[in-house]
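**Student:** What follows is a single structure, and I will ask about it in a moment.
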Amino acid sequence: MGAFQAWRSLLYLPASNARAVEKARGLPADAVILDLEDAVAPEAKAAARDAAVAAVADGFGGKTVGIRVNGFGTAWCEADFAAAQGSAAAFLVVPKIDGADAAARAVSMAGGKPLFAMIETPRAVQRVDAIADVAGVRALVAGFADLQKDLRARPGPDRAPLLYAASRIVNAARASGLLAIDGVFTGIGDEAGLAAEARQAVELGFDGKSCIHPSQLEGVNRAFSPSADEVAHARGLVEAHRTAMAEGKAVATFKGRMVELLHVVEAERTLRLAELVGEMGGLAEKVIAVASD
């Protein structure tokens, strides 16, 4: 997971559903998460665990695949960790990580696999900075359904009661160099609602969004992909900076504004992401070296 890659859409699938898992190999999700937790009934947990290990061993056509284990305090937690850490999964998703101690314990049990820590309780939101600083944590994943319940909040389409938590998650992720993944949109078939929530997630600074149905992938991918205008702007900014540096100028300008290194780094990231998602065509050779994430 060291190379730069797109994390626009992360699709959760019940590991117990063989048909859904097989179909996922051809879906446009940037990452697939085989779920052993909420999407699997108690009596199916053991079979789902075995199915998840077998599925990742078979490969997903180049997709990044993770496994979500059952959390601490459940009867299936230790067996899930043992199976997942010995599997071909690229990362583990762990629910209800509520502090640095829990994150460190999960990292240890993950056996060296990157950890995606779910932030879904009020305590976790208050401790998210410490969670993000634990070595081995690679991403913070918003779990707004459980958080909403615990807060007794009643968010509308603007998710106003959850924005404090969302901003805390994004800020902690950025401060520690992690991915920030938005929570799921539960309105299956509500394309306008999904588009609005995904657009808000982009504006907040999230890298991608959790999905619970294949029909959500196109809209989420679109929201988190650079637009043609954004690509053109980024390309112009990078080229203006490169030209100014080649001419020995101390300062570069683009469209009447001074270009600082921080702008160049973000523009390079935009171009790299656009290249990855197929928006740039042959532009790759024209941009300067791109920093990895």
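**Student:** Determine if segment 109-116 includes at least one residue that is touching a helix residue (DSSP H, G or I) at 6+ places or on another chain (Cβ under 8 Å), in a helix (DSSP H, G or I) and of a type in the set (Gly, Ala, Ser).
**Tutor:** No - not one qualifying residue is present in segment 109-116.
**Student:** Next question. For segment 14-105, which helices (runs of 4 or more DSSP H) that fit wholly inside it have 1 or more residues that are aromatic (Phe, Trp, Tyr)?
**Tutor:** 77-85
**Student:** State whether the residues of segment 90-105 include one that is farther than 19 Å from Ser176 by Cβ, surrounded by fewer than 21 Cβ atoms within 10 Å (Cβ to Cβ) and modelled with pLDDT of 95 or more.
**Tutor:** yes
**Student:** Then there's this: Identify the residue in segment 178-217 that is of a type in the set (Val, Ile, Thr) and without any contact (Cβ under 8 Å) to a residue 60 or more places away in the chain and, among all such residues, is nearest to Ser9 (Cα to Cα).
**Tutor:** Filtering first and then ranking leaves Val202.
**Student:** Could I ask something else about it? Given (1) surrounded by 14 or more Cβ atoms within 10 Å (Cβ to Cβ); (2) on the phi < 0 side of the Ramachandran plot, where does Glu22 come up short, assuming only one miss?
**Tutor:** Failed condition: (1).
**Student:** Could I ask something else about it? Which one of these is touching a Pro at 6+ places or on another chain (Cβ under 8 Å), surrounded by 13 or more Cβ atoms within 10 Å (Cβ to Cβ), under 30 Å from Asp158 (Cβ atoms) and not assigned by TED's automatic domain parsing to the domain that holds Ile119: Ala196, Ala234?
**Tutor:** The unique qualifying residue is Ala234.
**Student:** While we're on this one: Which residues, taken from segment 124-162, are of a type in the set (Lys, Arg), out of contact with any Pro (no Cβ under 7 Å at 6 or more places or on another chain) and surrounded by 14 or more Cβ atoms within 10 Å (Cβ to Cβ)?
**Tutor:** Result: Arg127, Arg159.
**Student:** Six or more apart or on different chains, Cβ under 8 Å: which pairs go from a residue in segment 126-146 that's free of Cβ contacts under 8 Å to residues at least 40 places away in the same chain and at positive phi to one that's part of a strand (DSSP E or B) and of a type in the set (A, V, I, L, M, F, W, C)? Could you list them?
**Tutor:** Gly136/Leu115
**Student:** Please find, within segment 1-34, the residue that is farthest from Ile212 (Cα to Cα) out of those that are of a type outside the set (A, V, I, L, M, F, W, C) and touching a residue at least 40 places away in the same chain (Cβ under 8 Å).
**Tutor:** So, considering only residues that are of a type outside the set (A, V, I, L, M, F, W, C) and touching a residue at least 40 places away in the same chain (Cβ under 8 Å), the one farthest from Ile212 (Cα to Cα) is Gly2.
**Student:** In segment 244-277, which residues are part of a loop (DSSP other than H, G, I, E, B) and more than 19 Å from the chain's Cα centre (by Cα)?
**Tutor:** Hits for segment 244-277 are Glu247, Gly248, Lys249, Ala250, Val251, Lys255, Gly256, Glu260.
The values are calculated or read from the model by the stated rules, or taken from the named source; none is laboratory data. Note that the structure is a prediction, hence the values are computed from the model and not measured. As a convention, Cβ positions derive from the backbone with ideal geometry for all residues, glycine included, and neighbour counts pool all protein chains shown.
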